[in-house]
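**Q** Right, I'll just put the structure down here and ask away after.
The values are calculated or read from the model by the stated rules, or taken from the named source; none is laboratory data. What you see is a predicted model; the values in this text were computed from it and never measured. Note that we place each Cβ from the backbone using ideal geometry, even for glycine, and neighbour counts take in every protein chain shown. The accessibility values were calculated without ligands, DNA or RNA, using every heavy atom of the protein model including side chains. Shrake-Rupley method; radii C 1.70, N 1.55, O 1.52, S 1.80 Å.
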Amino acid sequence: MSQQTLGAYLDEDRAFPPPTAFVASARVRKPQVYRDAMADPVSYWESWAKQLDWFEAWHTALRWNLPDAQWFVGGKLNACHNCVDRHVAAGLGEKTAFLAEGENGDVRSIPYRQVQDEVSKLANVLKSLGVTKGDRVCVYLPMVAELPFAMLACARIGAIHSVVFGGFSAEALRERIEDAGAKVLLTADGGWRRGGVTPLKAIADEALSIGCPTISKVLVLERVGAPGSTVQAANGTKLVPTYEAGAWREGRDVSWKEAVASASTDCPCEPMDSEDTLYILYTSGSTGKPKGIVHSIGGYLTQTYATYQWVFDHQPEDVFWCTADCGWVTGHSYVVYGPMANAATQVIYEGTPDTPDKDRFWRIIERHGVTVLYTAPTAIRTFMKWGEEYPRRCDLSSLRLLGSVGEPINPEAWVWYHEVIGGGRCPIVDTWWQTETGAIMISPLPGITTTKPGSATQPFPGISCAVMLEGGEDVTPIQGALGYMQCARGETAPARGEERGGILAIRQPWPGMLRGIWGDPARFRDVYWSKFPDAYFPGDGVKVDGDGYFWLLGRVDDVMLVSGHNISTMEVESALVDHQGVAEAAVIGRADAIKGQAIAAFVILKAGTPMADGLPAELKAHVAQKIGPIAKPDDIHFCADLPKTRSGKIMRRLLRDVAEGRALGDTTTLADPAVVASLKERYEHLEG
Ligand code: WT7
């Protein structure tokens, strides 16, 4: 994060106590929950786990042998049973699970009873395709109801799902399928997006043509049209082909519709060990190779269940809408497992917020009576840019609580969200967590916490976060944390502690923590457990203020946060040097008003590569093809050399300074200081 943005955070001193009307019916009203959890975190988490259905009880709540944690050891349960069957058994079969809206306007209201049937049929289809317990199933679908169904069907039979976001390219899909060794791929003919179709099946075919030897069957959801047909785009203006009829591979490709039509709804939930793997989800790391984050069942379900209930103040009549796609962890934890374990009613939406118009989100909220909205700062900033007229067109009075996730939210966006979307009456929960933590770690509790715009406030009860210095010294301001408790009790003038800045660390194991990186235990230790001798390293900078409030300050490693998505600088660099004309590339995230960070690439061309006008566009397209459109660089700077330290490490901080047009810092460790000066000159020239 840039110094300017950081400055804006540190100056923020507005505070918003929970509104009286909200507190009156809030689920959690007493700060005592923090003290109880702190006194005995393990029993506290056990009390949450006991609210789930277990086929067999655990004998040991926590086995901790750093970095390996096991929660609820010996217990047997099934995640799908807890998210679906137990609600139907409890008489909630008619309760709406999903209000699923397609971008093309189709709306389906799906009760829990129907989820149970659909998931059971799909689970039987998976079995008929040869999937058994422990097998990996890759899911590459648009954000339609069948995506959660697919995840739950895997969980039901003990298969491990690996969802790949529909915006990823064939190459990225291939890499993830191969790393996980997936047996079956679930995809769709396409998904509606921005009035057109994302041709998922065609991309999947390409992935399978360049690799993926372990895939034996491809189940294809008929979402947009029949094979080989042309369908009307949602905006009615263009005809888009789905995929070639000839691309249907007999023996490998299976029609979802046909397979499900003849499947039985009888499919018992497989009793699983608490520590069996529920899923793998790939996230970017500091190297080019994505990490397959492994989550287990008992602990993960416990923490997603607990955090959904308390952070989003779950009330049975709520209509919850988390706008994330299930291709990201937010969709895993706060579309599928957390809300569904609580029998929540949810909206899911397939497409973009500006199709057919920029008021789409607000129309959805009005149409379905959404009460709790969970979205990302980048979306909020985009809405700000579009203007208030769009939300003003709609009745948003059903909203009572707002959430934010994915990156630090700047106070300006926070206040806009609060006023324009929340009408000044809805508390905002700014939730910090990661793919690796599985569930929310730092967040307000909306009935207790006085919020400050830009701060995720306090660790969730039962979670212990610390501020560390580079050398591993714990400088967490105890005084500050106590000050927070006084704030929480509504006492005036809490003693202000000392403000501390450093690196975030997590000192105690938590139930939803990652259990490893798929197939790479050495990397697991190296990335997360080697920075500090006895704590988890999430890769984020943090400041704790005098009241004990945590302010997350962005990544301290080589991971960029572009529109709230993790993208590694190395991954984009490898995609660039994969282009025949590129000799070397360095990539950094520069501050961007809408996306949080934008991708700036510094490229050295190979001798003899002509500097054609179309080259920047060609390089961007190349990255989109290698990784996906989300990783496309925003700026490409051609240069003759890159600033490196004497040991040959690219000085990214310096490139960031150049890309953001700031004065240059100390360059004495540079091998050739002239390089930066010429880079900066070139940059200013481009800007001018
Ligand atoms: C990184 C994790 C959590 C699901 C979506 C992203 C950043 C996330 C916040 C927040 C400040 C945040 C962190 C984190 N981040 N939420 N509320 N405030 N930063 O999951 O792709 O695994 O990314 O997102 O830098 O490490 P992810």
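**Q** Measuring with a 1.4 Å probe in the full set of protein chains, what accessible area per residue, in whole Å², belongs to the chain?
**A** For the chain, the per-residue accessible area is 36 Å².
**Q** Could you run the Karplus curve 6.51 cos²θ - 1.76 cosθ + 1.60 with θ = phi - 60° over segment 404-410 and give me ³J(HN,Hα) per residue in whole Hz, x for Gly and Pro?
**A** 9, 7, x, 6, x, 9, 6
**Q** Could you order GLU584, GLU366 so the one with the most accessible surface comes first? Probe is 1.4 Å.
**A** Details: GLU584 55, GLU366 80 Å².
Of GLU584, GLU366, the descending order of accessible area is GLU366, GLU584.
**Q** For the chain, what is the mean residue ellipticity at 222 nm derived from helices alone (per DSSP H run of n ≥ 4: -39500 (n - 2.57); sum divided by total residues; nearest 500 deg cm²/dmol)?
**A** Numbers: 21 runs with 195 residues, N = 688.
Estimated from H runs of four or more residues: -8000 deg cm²/dmol.
**Q** Another one. Just to confirm my numbers, what's the Cα centroid distance between segment 551-602 and segment 116-166 in Å?
**A** Measuring centre to centre over Cα atoms gives 32 Å.
**Q** Between segment 311-371 and segment 389-464, what is the separation of their alpha carbon centroids in Å?
**A** Here the answer is 15 Å between Cα centres.
**Q** Convert each backbone phi in segment 383-396 into a coupling constant with the Karplus relation 6.51 cos²θ - 1.76 cosθ + 1.60 (shift: θ = phi - 60°), then list the ³J(HN,Hα) values in order as whole Hz, x for Gly and Pro.
**A** Each residue of segment 383-396 in turn: 4, 4, 5, 5, x, 5, 4, 5, x, 5, 5, 10, 8, 9 Hz.
**Q** Taking 4 °C and 1.567 mPa s as the conditions, I'd like the Stokes-Einstein D for the chain in µm²/s, using the Kirkwood hydrodynamic radius from alpha carbon pairs.
**A** Rounded, D is 50 µm²/s.
**Q** Using only the Cα atoms of segment 563-687, what semi-axes does the equivalent ellipsoid have when each is the square root of 5 times a gyration tensor eigenvalue? Give whole Å, largest first.
**A** Largest first, segment 563-687 gives 22, 18, 14 Å.
**Q** State the percentage of accessible surface on segment 563-687 attributable to carbon and sulfur atoms; use a 1.4 Å probe and exclude ligands, DNA and RNA.
**A** 53
**Q** Would you mind checking which residues have amide H under 5 Å from VAL254's amide H? H placed 1.01 Å from N; only 5 or more apart, or other chain.
**A** Amide H neighbours of VAL254, under 5 Å, 5+ apart: VAL218, LEU219, VAL220.
**Q** For LYS217, list the lysines whose Cα falls under 22 Å from its own Cα; do not include residues on the same chain fewer than 8 positions away.
**A** List returned: LYS121, LYS127, LYS133, LYS183, LYS201, LYS257.
**Q** Between the DSSP loop rule and a limit of at most 16 other Cβ atoms within 10 Å, which trypsin sites (Lys or Arg not before Pro) in segment 609-659 are left?
**A** When the trypsin sites (Lys or Arg not before Pro) of segment 609-659 are filtered for loop state and at most 16 Cβ neighbours within 10 Å, ARG646, LYS649 remain.
**Q** Looking at segment 563-687, how many pairs of lysines come closer than 18 Å at the Cα, when each pair is eight or more places apart or spans two chains?
**A** Lysine pairs, 8 or more places apart or on different chains, close enough: 5.
**Q** Still on this model: With the cut-off at 1.5 for a/c, could you classify segment 65-188 from its C-alpha gyration tensor as rounded, prolate or oblate?
**A** Since a/c reaches 1.5 but b/c is at least a/b, the shape of segment 65-188 is classed as oblate.
**Q** Where the only charges are on Cβ atoms (+1 Lys, Arg; -1 Asp, Glu), what is the dipole of the chain about its Cα centre, to the nearest 20 debye?
**A** Working: 67 positive and 83 negative charges, 106 e Å.
Its charge dipole is roughly 500 debye.
**Q** Right, something else. Using only Cα atoms, locate the centre of segment 496-545 and the centre of segment 58-108, then give the distance between them in Å, rounded to an integer.
**A** 26
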